[in-house]
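Q: For reference, the structure I am asking about is given below.
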Amino acid sequence: MIILLVTWFYYNQPPQSTHTAFKTQQTCEVARQQILNDASRLEANRQAEIQHDFEPNPRPDRVRRLRPPVGVGVMSSLSLPSASEWGYQPQKISPDELVTAVSEAVKAALSAYRALPEGRECCEDAKGYFRASVVIELPEEQEVLVHQLMNGPTGYRAHYSVGVEAGEQFNRRLVDAVAPLVIEAEDLYKEKFDRLFFSRSLLGRFSKFWYPKTLTDPGSQDYLPKKKEITHKRWVEYWRMRPEPHKGLLAPISKPPSILLNGTFVNDAGQAYEQKPHRSQQLFESGWT
């Protein structure tokens with residue numbers, strides 16, 4: 001048996017120590033890495049708080065200070081769609097296994113220079129806010145992994161089909177697992193922007209995973225598949241009277257298979273801007289955004 005001791009010092013609360021037992025070294029290491037990721041995010045947010053300087057804000061309803069999400073660590077169990085409810089069935093994988101597999105794939109992509117950060121992208125509707133992003137290209141043999149992540153019944157959109165909170169929690173797990181790996185690969189971005197900006201953006205509250213722009217830009221509809229694969233009832237009803245393409249019912253994948261991590265728009269003072277405040281609700285209702 002392996003014991004992991006964690007001592008928390010958080011927001012002026014008394015220190016609290018927790019002993020957790022694990023049966024294997026591997027599961028202990030996964031938990032330890034999650035804690036380190038949480039600590040990295042909290043430190044980036046703390047630095048943002050220290051350096052914050054209140055400035056005039058053109059959209060105060062949509063600008064928020066960087067702060068930790070509600071709840072960190074492993075998600076509680078939830079009921080994801082069954083095979084018959086979802087329809088599209090890539091190879092079976094659990095959410096925990098999926099997060100681990102994506103993390104390992106990102107490590108390999110970074111080593112092979114197939115995950116190159118982009119930015120600073122200027123926010124069109126909030127002056128002075130910028131974000132970084134990274135398109136993570138995977139080899140053809142990992143096409144199944146991308147399908148599992150983006151199109152499968154235990155993946156990204158499946159969590160949003162359960163509810164907004166479930167989707168946002170799963171998105172956060174992915175961000176916390178992947179963003180620190182990219183941030184550590186400083187040689188890939190140090191000539192574009194500094195580590196503080198990159199950390200603030202990728203670990204920001206509104207960072208999110210999605211399909212690459214080759215599938216989502218308005219001019220990319222010809223590259224979307226035609227066959228409707230996903231049969232989730234709410235989404236089927238949403239698209240029933242709408243014109244093609246019924247994007248939420250498709251199971252698209254780019255060539256080469258890729259995923260996109262979009263960072264949060266942040267300004268020099270560390271404030272974060274939510275560009276698409278209704279994104280999660282759109283995903284819940286329709287399976288697309």
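Q: In whole Å, what is the distance between the alpha-carbon centres of the range 120-175 and the range 94-115?
A: 13
Q: Of Lys107/Lys233; Lys107/Lys227; Lys227/Lys276; Lys227/Lys255; Lys190/Lys276; Lys127/Lys247, which pairs sit farther than 25 Å apart, going by alpha carbon to alpha carbon?
A: From the list (Lys107/Lys233; Lys107/Lys227; Lys227/Lys276; Lys227/Lys255; Lys190/Lys276; Lys127/Lys247), the Cα-Cα distance tops 25 Å for Lys107/Lys233; Lys107/Lys227; Lys227/Lys276; Lys190/Lys276; Lys127/Lys247.
Q: While we're looking at this one, here's another question. Taking R0 as 45 Å, what's the FRET efficiency between Arg240 and Lys107 from their Cβ-Cβ distance, rounded to 0.05?
A: Efficiency, from the Cβ-Cβ distance: 0.60.
All of the numbers you see were taken from the coordinates with simple rules; none came from a lab. Note that the structure is predicted; figures quoted are calculated from it, not measured. When we count neighbours, we look across all protein chains shown, and the Cβ atoms used for this are built from the backbone with ideal geometry, even at glycine.
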